[in-house]
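Q: Questions regarding the structure given below will be posed in turn.
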Amino acid sequence: MTWRRPWTPLRRLLLWRAQEDLDLDDELAFHLAEETRLRIDRGASPADAARGARLAFGNVTVAKEATRGVWVSGAMERLRQDLRSGVRIVTNAPVLLLSAVTLVALVIGGNTTVYSIAHAILSKPAPGIPADNLTTLSWVRDDGFVEPETTYANYLDLAAHSRSLGPMLAQQYLRVALGHENGSYGLWAAAVSTNYFQTLRVPIPLGRSFTEDENQSATSGLVVVISDRAWREYFAAASSVIGAAVLVNGMPGTIIGVTAPDFRGTQLAPSVDVWVPIVPFARATNGAPLSGRGTEAELPFVGSFVGVLAQVRRDASLTQARAELTTLWQRLQAQYGTVPQNRSVLLLPYAATAGGNGPLSTQGTTFLAIFSVITVLTLMIVCANVANLLLGRATVRQRELALRQSLGASRIRIVRMLLAEGLVIAVLACVAAYIFARWMSSVVAGLVTPMVPPAVAQVITLPDWTVAGYALMLALGSMVFFTLAPAARAWKQPLLPWLKAGEQGVAPGRSRLSSGLVVLQLALAVLLITSAGLASRSIVLFATTDLGFDSRSILLATVNTGGGAADPQASATLLERLRVRLQAVPGIEGVSYSWSGQRANVRADALGAGAVGDSLVTNVNYIGPDYLRVYGVMPLAGRELGFEDGHAITPAVVTQRLAQRLWPGQPAIGRRLFVGPQRQREAEIVGVAPDVYFNGNRLNGNPQTGNVYVLLPSSQGLRDPGERTLSLRYQGRLDVVAPAISRAIRNEDPRVPLVRLRTYEAELEADFWPVRALMTLLTMFALMSLIVAVVGQYAVIAFDMRRRVREFGVRIALGASSRQILTAVLTEGFRLTAFGLAIGFGLSVLTGAGLSRALYGITPTDPLTYGSVLLLLSVISLAACSLPAVRASRVNPISTLRQE
Amino acid sequence: MARTRPHRLELLQGTLDLLILRTLQWGPQHGHGISVAIRTSSHDVLHIDHGSLYPALHRLERQGWVEAEWKTTENKQRAKYYRLTAAGRRQVQAERDRWARLTEAIGRVLDPA
């Protein structure tokens, strides 16, 4: 260890005892000098005097050691010494330390990230809400499905009769169009009971919250509370906003308050911008008062279905509230036939439901339990790896440990020393894990940011002491785990053989357990890499799949017709008016719109020979005029659809392959088809379109059916006013066209908000987000598991090789070539790889079925992916094994055998 | 290690501390000086094993009975001088009492009255 020398001054500087050591040296040297001087004074020659002084003093080193022994008499002193010997691992075995720290940091960091996200979503309230004492009501169906809502009538009854619950609020999430003189905006709204803000104990810094009177239908219009964000963005943060007149879905209202900056409703997603009292809002929308009882199918949607939150009274517990609510609910069930009989009421702490009180919150605990088991398993695998690494080191150090023991170190002392090394690894790993977890959280938050409101990303990235404590607990637990094996070995180690003849003793037989663990890890890595590979292959295939049209110059504009239309017919006319208006905008080449119907059964008419009764499932879209032109495709036969009002029989366009399928070898124009399971709608084919993925949705289902369509005129599929999307083909610069579009919409009807304007490409990208996120996560975990597995394999092979150094020496002495030794060790390593690959591929095929829904264009057993994984793993594990193999082949037979 | 000459006596266990403390009552002294002082005042009978002198000094220092200071000797050498503390002075008295009781008790056993 010659390179340790430059460390010495540094160590002196860093380590506590350096100065005392030096002083002791000086003190003893002075003693000897003084004694020598005394003897010279008495007449001895200088040489004799020095010799005599030394003889009289005895063994200087022993005296030093004994004096040092005085310093370290206390338990604290011994601990300090242990730690110091633990820290020596930094200089003595840096590679080992690095691998061990990497392993532990990876697994703890990864687990901590997942845990912190789960913890954030499952147990943190939405920003701005003091969550204590709040509870969320849910309803559990007999089949286990959780309904987050009940009817408004049930809410009123429960709120009136509960004694254990304090104020109880009702809310319904809705998309609305908020209009005022500056423009119109499509936003999330919550229609709420008037005690909403009081129940949540959320302040209204500007203006006021709702009063109880406002729950009655007001003649003076709606009262509205808006979010801080809406206030800043749409009202320039002006205080004159209080009292400002607005339109909510076309209905007149007045702004009375602005919420605190961080408050955006009770859920992490979606984030609410507008709050209105539920009773007047429902009456104005439905034209009828609320609170009537009826079956769920009979009730109007708006205002009838509400989520319920309540404060638990200070003098009552959640358990008491549960019991009481169960009784109240059963009474309701007995009283009204319209109350569903197959549901029971469930009360959860609000903080557990901010991520949604559907299946997520109720199964959250199950998820956490499963996750804990997985955590413990992966942690154990990793700890086994680290234990293997430390065992390898222990084998090398066996002689040193035996020597220490024979010099009087107790077994406990040696175990403490090993534990101290473990502690150093654990502490470093904990720090590394924290950094890694922070980094990974930000990656994950970055991944989800385009899809979720900032509230979710915010809670994910918040530093959390619970989580830090969790990581620390994992690290310390694993430390104990991975130092146990070397410690146990040191405990029962016989001393004599090690002292007598170097490394002659043979470590106990190779462990099947550790080989098994390596195989398991390799299998897991194979599974993850294969999944990641499949996901990335699908992305490549997806990106290169032809949509059938040029998506580059198409814009999508989503508007909310609720601001300007009160019924489905008016909504359809409004949309058509917008289309005509937008067509006149310079730079716009064509405008159309569509909404997709359900996927539906389609049957051909019975005229064609052999086509009778053939029922197919296809996509049905309701489209506006010019639809094909906007997508840049020409009808292959017949014509496009127009607005098509007042036809006796619905005209329809079908895509080419569907036409061939329904009427093989015959022209489709003029034929009839029936849409729906009961053939509710009869349509006449007026045109045939090329096979085009109109929705751009190459993902949903397989690519074989994604471009099969029946297109019906929009006038035949009327819907309630709400959000509709217009497609526009444009040319020229986007920054010129986009403002012109929003201007044109405002000019046509200022009450209609432009909710979102984006390019078709951006929409495709967003559609593809789940797969991309899945791929990124899989890749991260795959890389992690690959590192873990490879280091594990290295540890086992290296340990094995060290154990057999003598055997290799003998074999080389007997004439084995280095190449033979190399091959032998490599074969051993590769046996593990082969097992791991086989099991991993088996698992991949099994789980591939579940993955297939997220895949595009490839089967879960894609040969190219499997081949690449095979190659990758072989190369990497070859690299992992080659280091110990090369070392084995270079064993010097003379030096190993000399120690006999 | 037992190379004691016939006319020398091994120290009784537990007496080294007393001798060191007693020697330091004459004034501050370094380790070598203490050993010489004990040797001379015992008329060359008591030779302190240096292997145990320094551990004892450091132990006494830790117990707070002596304190140490680096000073320069008359020969211009740096040496560590030990000096009795107040607690040390009390300790000398306690140890002396203990020693007196011990020798008295041993004397009674050897020469029963």
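Q: B:GLN25: touching a Leu at 6+ places or on another chain (Cβ under 9 Å) and surrounded by fewer than 13 Cβ atoms within 10 Å (Cβ to Cβ), yes or no? So that I can check it myself, show each step before the final result.
A: Details: touching a Leu at 6+ places or on another chain (Cβ under 9 Å): yes; surrounded by fewer than 13 Cβ atoms within 10 Å (Cβ to Cβ): yes.
Spelling it out, B:GLN25 is indeed touching a Leu at 6+ places or on another chain (Cβ under 9 Å) and surrounded by fewer than 13 Cβ atoms within 10 Å (Cβ to Cβ).
Q: Of the residues A:VAL602, A:VAL675, A:VAL686, A:VAL653, which single one is at pLDDT 85 or above, under 44 Å from the mean Cα position of the chain (by Cα) and surrounded by 19 or more Cβ atoms within 10 Å (Cβ to Cβ)?
A: Numbers: A:VAL602 fails: at pLDDT 85 or above; A:VAL675 fails: at pLDDT 85 or above; A:VAL686 fails: under 44 Å from the mean Cα position of the chain (by Cα).
Only one candidate passes the filter, namely A:VAL653.
Q: For region A:24-75, which residues satisfy the criterion of being facing chain B (nearest Cβ under 7 Å) and of a type in the set (Asp, Glu)?
A: Within region A:24-75, A:ASP26, A:GLU27, A:GLU34, A:GLU35 qualify.
Q: Given the residues A:THR326, A:THR338, which is the only one that is polar (S, T, N, Q), surrounded by 14 or more Cβ atoms within 10 Å (Cβ to Cβ) and closer than 15 Å to A:LEU137 by Cβ? Quick ask: steps written out before the conclusion?
A: Numbers: A:THR338 fails: closer than 15 Å to A:LEU137 by Cβ.
Result of the check over A:THR326, A:THR338: A:THR326.
Q: Continuing with the same structure: Starting from region A:661-672, take each residue that is in contact (Cβ under 8 Å) with a residue 24 or more places away in the chain and list its partners that are of a type in the set (Lys, Arg), counting only C-beta distances under 7 angstrom and pairs at least six apart or across chains.
A: Here the result reads A:TRP663/A:ARG671, each pair linking region A:661-672 to a residue that is of a type in the set (Lys, Arg).
Q: Being open to solvent by less than 90 Å² (accessible area, probe 1.4 Å), without any contact (Cβ under 8 Å) to a residue 40 or more places away in the chain and not in a loop (DSSP other than H, G, I, E, B) is the filter here; which residues of region A:286-321 pass it?
A: Correct list: A:ASN286 only.
Q: Here's another thing I want to ask about it. Restricting attention to region A:206-222, does a residue exist that is over 22 Å from A:PRO300 (Cα atoms), modelled with pLDDT under 90 and out of contact with any strand residue (DSSP E or B) (no Cβ under 9 Å at 6 or more places or on another chain)?
A: yes
Q: Next question, about the same structure. Does A:LEU474 meet the test of being open to solvent by 10 Å² or more (accessible area, probe 1.4 Å), at pLDDT below 80, in contact with a Ser or Thr (Cβ under 8 Å, 6 or more places away or on another chain) and not small (Gly, Ala, Ser)?
A: On the way: open to solvent by 10 Å² or more (accessible area, probe 1.4 Å): yes; at pLDDT below 80: yes; in contact with a Ser or Thr (Cβ under 8 Å, 6 or more places away or on another chain): yes; not small (Gly, Ala, Ser): yes.
Spelling it out, A:LEU474 is indeed open to solvent by 10 Å² or more (accessible area, probe 1.4 Å), at pLDDT below 80, in contact with a Ser or Thr (Cβ under 8 Å, 6 or more places away or on another chain) and not small (Gly, Ala, Ser).
Q: Does region B:97-111 contain any residue that is open to solvent by 80 Å² or more (accessible area, probe 1.4 Å), out of contact with any Asp or Glu (no Cβ under 9 Å at 6 or more places or on another chain) and at the interface with chain A (Cβ under 8 Å from one of its Cβ atoms)?
A: No, region B:97-111 contains no residue that is open to solvent by 80 Å² or more (accessible area, probe 1.4 Å), out of contact with any Asp or Glu (no Cβ under 9 Å at 6 or more places or on another chain) and at the interface with chain A (Cβ under 8 Å from one of its Cβ atoms).
Q: Shifting gears a bit: Could you list, in sequence order, the residues of region A:855-892 that are open to solvent by less than 30 Å² (accessible area, probe 1.4 Å), part of a helix (DSSP H, G or I) and farther than 26 Å from A:LEU541 by Cβ?
A: A:SER877, A:ALA880, A:CYS881, A:PRO884, A:ALA885, A:ALA888, A:SER889, listed by residue number.
Q: Return yes or no: is A:LEU106 over 30 Å from A:ASP228 (Cβ atoms), open to solvent by 10 Å² or more (accessible area, probe 1.4 Å), without any contact (Cβ under 8 Å) to a residue 40 or more places away in the chain and not basic (Lys, Arg)?
A: No.
Q: With the structure loaded, tell me whether A:ARG68 is over 30 Å from A:GLY477 (Cβ atoms), open to solvent by 40 Å² or more (accessible area, probe 1.4 Å) and touching a residue at least 24 places away in the same chain (Cβ under 8 Å) or whether it fails that test. Show your work before the answer.
A: Numbers: over 30 Å from A:GLY477 (Cβ atoms): yes; open to solvent by 40 Å² or more (accessible area, probe 1.4 Å): yes; touching a residue at least 24 places away in the same chain (Cβ under 8 Å): yes.
Yes, satisfied.
Q: Of everything in region A:94-115, what is within 17 Å of A:ALA468 (Cβ to Cβ) and not polar (S, T, N, Q)? Give them in sequence order.
A: A:VAL104, A:ALA105, A:VAL107, A:ILE108, A:GLY109, A:GLY110, A:VAL114, A:TYR115 - these are the residues of region A:94-115 that are within 17 Å of A:ALA468 (Cβ to Cβ) and not polar (S, T, N, Q).
Q: Filter region A:159-186 for residues that are modelled with pLDDT of 90 or more and in a loop (DSSP other than H, G, I, E, B) and give the result.
A: A:SER162, A:ARG163, A:SER164
Results for (1) at pLDDT below 75; (2) assigned to a helix (DSSP H, G or I); (3) on the phi < 0 side of the Ramachandran plot, shown as yes or no for each residue.
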{"position": "A:PRO494", "(1), (2), (3)": "yes, no, yes"}
{"position": "A:TRP498", "(1), (2), (3)": "yes, yes, yes"}
{"position": "A:GLY509", "(1), (2), (3)": "yes, no, yes"}
{"position": "A:GLY516", "(1), (2), (3)": "no, yes, yes"}
{"position": "A:THR530", "(1), (2), (3)": "no, yes, yes"}
{"position": "A:SER538", "(1), (2), (3)": "no, yes, yes"}
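Q: I'd like the full set of residues that are touching a Leu at 6+ places or on another chain (Cβ under 7 Å) and farther than 20 Å from A:ALA177 by Cα, limited to region A:739-763.
A: A:THR759, A:TYR760, A:GLU763
Q: From A:LEU607, A:LEU574, which residue is over 39 Å from the mean Cα position of the chain (by Cα), of a type outside the set (Ser, Thr, Tyr) and modelled with pLDDT of 90 or more?
A: Details: A:LEU607 fails: modelled with pLDDT of 90 or more.
On inspection, the qualifying residue turns out to be A:LEU574.
The values are calculated or read from the model by the stated rules, or taken from the named source; none is laboratory data. Since we're looking at a predicted model, the values are computed, not measured. Cβ: placed from backbone, ideal geometry, glycine included. Neighbour counts: every protein chain shown. Side chains are part of the model used for accessible areas, which takes the heavy atoms of the whole protein and leaves out ligands, DNA and RNA. Shrake-Rupley method; radii C 1.70, N 1.55, O 1.52, S 1.80 Å.
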